[in-house]
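Q: Take a look at this one; I'll ask things after.
Coordinate-derived values only; no laboratory data. In this text, all values refer to a predicted model and were calculated from it rather than measured experimentally. Counting neighbours? That spans all protein chains shown, and the Cβs are built from the backbone with ideal geometry, glycine included.
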Amino acid sequence: MKTITLFAILSIVGFQVLAQKTDNKTAPVLCDLENILSAVVKMPIFQVTTDGSPVYHFEPTPVDFYANFSVNGQFPDTISVKDVASVALSAVKALAQKTQELSENQKLLEQTVQRLNETTEQAYKLAMQSNEIQVTLTNLQIKLAESEAKINALEMQMKQKE
């Protein structure tokens, strides 16, 4: 039976978690970090103690672990430290990617809010200018009406003198 183990390869750019068949040394295949993170979230973790010891540990059962990660452990009652470390490293990387995405989304939202604030400020300034123009127009209409009234009064006076 071929066994699959997970391990991490560090590189200059960062690390990538790979699945590799150990028996025939085939080329590594990149793991789906999102699926690994989902499996970590779904996997039950139990509080356990051995032989009546007052010391408790938190761990998944080997059956749950291997079922969630679709790997076959060498020993069905234990979980390989290499497998646990690789799954933990994969989950950390997946969380780091999610954190990066959230950070980028937050920056985009902050930029959008800034643009909305600027647009609101411009709209307020335009509204104030519009009010000023309306006041000026009203004052000009009043002056026009006063001027027309004076012209009418002068025309009446001129007709009366004739």
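Q: Spelling out what I want: for every residue of region 94-111, take phi, set θ = phi - 60°, compute 6.51 cos²θ - 1.76 cosθ + 1.60 (Karplus), and round to whole Hz; glycine and proline get x.
A: With coefficients 6.51, -1.76 and 1.60, one gets 4, 5, 4, 5, 4, 4, 4, 4, 4, 5, 5, 4, 4, 4, 4, 5, 5, 5 Hz.
Q: To continue, here is another question. Cut-off under 17 Å on the C-alpha distance; same-chain residues fewer than 8 positions from K107 excluded. Which aspartates and glutamates are left, in chain and number order?
A: E118
Q: Okay, next question. What spacing in nm lies between the two simple spin-label points modelled at K150 and I45, each 7 Å away from Cα in the Cβ direction?
A: Once both label points are built, they end up 8.8 nm from each other.
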